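What follows is a short report on a single structure.
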Amino acid sequence: MREPTPSRRIRTHELNEHGEPVARKRRSFLFRLIRALVVLGMISGMIGAGGLLWFLHQSERTPREWAPYLERRAMGHRGQMVAATGLVSQWLLHADRLQRDDEIVIPANVGASVARSGPPPPGRIRTVAGIADLTAAVAGAQPGDVITLLPGRYLQTGRNIVVSRGGTATAPIVVRAARLGDAVIELDDVVAFKISAPFWRFENLVVRGRSPENGYTEHAFHIVGGANNVAIVNNRLEDMNAQIKINGEEGRFPDSGVIRGNSFTNSKPRMTQAPVTPIDLVAGSGWIISDNFIADFIRGEGGKATYGAFIKGAGEKNIMERNVVICEWKLRDPSGLTGERVGLSVGGGGTGETLRRDEGRSGLEQIGGIVRDNLIAFCSDVGIYVNKGSRTIIEHNTLLDTAGIDVRFPESSADVNYNVVDGVVRGRDGGLVRQVGNQSAMLLGLFIGSHPARGYFQDPSRMDLRWKERPEVVDGASGRRDLCGSERPRQPLPGAFQDYAACR
């Protein structure tokens with residue numbers, strides 16, 4: 001039998017002791033080496049990708065939280081690093097933030113409205129026509145007085161209006177305009193009204209900071225000490241750091257107040273390091289914050305987080321319900337570099353122990369707080385944040401274009417039920433979360449632009465939240481009105497409303 005002729009590639013090479021061409025063996029070794037390197041590269045890539053996914057999951061940060069963090073860390077480094085970080089940041093924001101339309105549809109049934117001005121309550125009518133008249137009328141008020149501002153502009157400068165004489169449960173003292181927008185108080189001072197007495201009601205007023213380009217103006221209403229049962233209803237409060245501030249004074253704490261149907265807005269970012277929180281409630285208990293429109297609480301320079309509203313300072317049983325909170329409405333900062341914006345918070349950023357109701361003995365910021373039936377949208381950070389809030393209830397809220405719901409620290413516990421969350425629900429740093437019936441996203445999905453909650457709505461970029469696809473109903477009736485004023489059926493839908501069309 002004829003021996004095979006060696007190929008041209010190996011003719012000039014010798015055979016080894018087994019009769020194998022040496023060149024073929026070398027080729028086989030080289031092939032195996034290349035193949036091994038390719039496999040190692042694939043394995044390293046898989047390990048690297050797996051490690052990255054594990055890291056992102058363990059970090060518990062959403063893309064919108066990562067983006068400004070990375071950009072801040074890159075500041076001051078080489079141009080190439082800054083440019084590369086900028087590209088990564090742009091992708092993270094593109095994947096997570098909603099590409100929104102300029103025309104945002106706001107529900108007409110929340111916030112201040114001329115149509116809800118209402119008739120005057122019974123009592124002795126006292127009309128005032130200027131800031132001096134108003135100051136004198138407030139100083140000399142008696143239970144049952146109805147102090148009515150005539151139409152016009154009231155310039156307040158140099159001194160706040162001191163409210164130190166109380167009304168009674170059956171005869172509160174009222175300060176009002178006959179119609180929302182008739183009387184405008186222009187505030188060129190730190191505080192408009194400082195209230196330390198109980199049973200006062202303020203309605204149909206416009207209080208506006210006179211210099212929106214700076215952070216000088218702090219509060220329309222500063223409610224302190226023994227100012228129990230104060231009601232702030234159907235007012236427009238504009239261009240201030242914290243339009244309503246509530247806190248203790250001389251060992252007393254204002255309780256059982258109502259903040260209902262008001263509009264809180266700013267025309268420009270607040271240039272201040274002071275707290276920027278339209279409703280800033282510290283150490284009060286039993287307050288109801290409902291049916292308000294809260295928007296554009298943006299800091300104009302870097303600093304701590306801003307909040308639409310918070311309840312903190314070891315108060316108890318405060319309720320935030322049926323509010324619409326738009327972190328970025330007419331003012332925009334999609335990068336988040338000027339600070340985080342949070343919708344509603346139980347605990348806020350924390351309170352100094354001496355300012356807490358219990359002087360820090362419990363270690364808690366809030367006990368039994370309730371956040372329900374709210375619509376929160378377009379926030380650079382979480383829509384709802386719990387910081388050292390015990391026995392918190394978070395139910396039937398709709399969160400759109402937020403990082404989600406965050407329950408943080410071992411002191412925090414929350415029942416988080418029947419919410420529609422464009423973002424994630426998470427317990428961090430020991431926070432306890434008990435969940436039932438929520439519609440939310442997966443953290444890692446956010447990094448590739450997966451936002452299932454947005455698919456429920458007709459046009460979330462315009463906040464047209466009529467149903468495109470209804471979520472499944474949940475068990476158990478809530479027994480109260482939803483955001484749009486409709487009574488929920490025995491098996492309601494998750495989120496803040498049954499039918500958003502009823503809000504229009």
Nearest-0.05 FRET efficiency for residue 170 and residue 150, computed from C-beta distance (R0 45 Å):
0.95
Alpha-carbon centroids, segment 259-335 and segment 175-208: separation in whole Å:
18
Rg and Dmax of segment 437-486, Cα atoms, in Å?
13.4, 38
Using the alpha carbon gyration tensor of segment 176-293, what are the three equivalent-ellipsoid semi-axes (square root of 5 times each eigenvalue), largest first, in whole Å?
21, 17, 12
Hey, what's the Cα Rg ratio for segment 344-403 versus the globular rule of thumb, 2.2 N^0.38 Å?
1.24
Estimated FRET transfer efficiency when R0 is 41 angstrom, pair residue 190-residue 473 (beta carbons, to 0.05)
0.25
Amide proton proximity set for residue 466, modelled H, under 5 Å, gap of 5+
458, 459
Binning at 10 Å from 0, report for segment 395-444 what percent of all alpha-carbon pair distances ends up in each bin.
30, 55, 15
Cut-off under 5 Å, modelled amide H: who pairs with residue 412 long-range
388, 389, 432
For the chain, what log10 I(q)/I(0) values come out of the Debye formula at q = 0.07, 0.10, 0.12 1/Å, with one point per alpha carbon and no solvent?
-0.43, -0.78, -1.07
What is the spin-label model distance, in nm, from residue 458 to residue 115 if the labels are put 7 Å beyond Cα along the C-beta direction?
1.8
Note the count of lysine pairs whose C-alpha atoms are less than 22 angstrom apart in segment 184-457, limited to pairs 8 or more residues apart or on different chains.
14
Sort 188-201, 122-135, 299-312 for me by packing, meaning the mean count of neighbouring Cβ atoms within 10 Å per residue, highest on top.
299-312, 188-201, 122-135
In deg cm²/dmol, rounded to 500, what helix-only [θ] at 222 nm does the chain give when every DSSP H run of at least 4 residues adds -39500 (n - 2.57) and the total is split over its residues?
-5500 deg cm²/dmol
Just report the Cα centroid separation between segment 461-480 and segment 352-426, whole Å.
21
Work out, step by step, the length gained on full extension between residue 490 and residue 72: first 0.36 nm times the residue separation, then minus their alpha carbon distance; give nm to one decimal.
145.6 nm
Treat segment 184-457 as a sphere of radius equal to its Kirkwood radius over Cα pairs and apply Stokes-Einstein at 4 °C in a medium of 1.567 mPa s; give the translational diffusion coefficient in µm²/s, rounded to a whole number.
71
Grab the Cα-Cα distance for residue 213 and residue 359, subtract it from 0.36 nm times how many residues apart they are, and report the gain in nm with one decimal.
48.9 nm
Test item: Cα-centred dipole of segment 184-457, Lys/Arg +1 and Asp/Glu -1 on Cβ, debye
300
Return the distance in nm (one decimal) between the two label points of a simple spin-label model at residue 434 and residue 88, each offset 7 Å from Cα along Cα→Cβ.
4.0
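Coordinate-derived values only; no laboratory data. From a predicted model like this one, the values you see are computed outputs, not experimental measurements. FYI the Cβ positions are ideal-geometry reconstructions off the backbone, even for glycines, and counts take in every protein chain you see.
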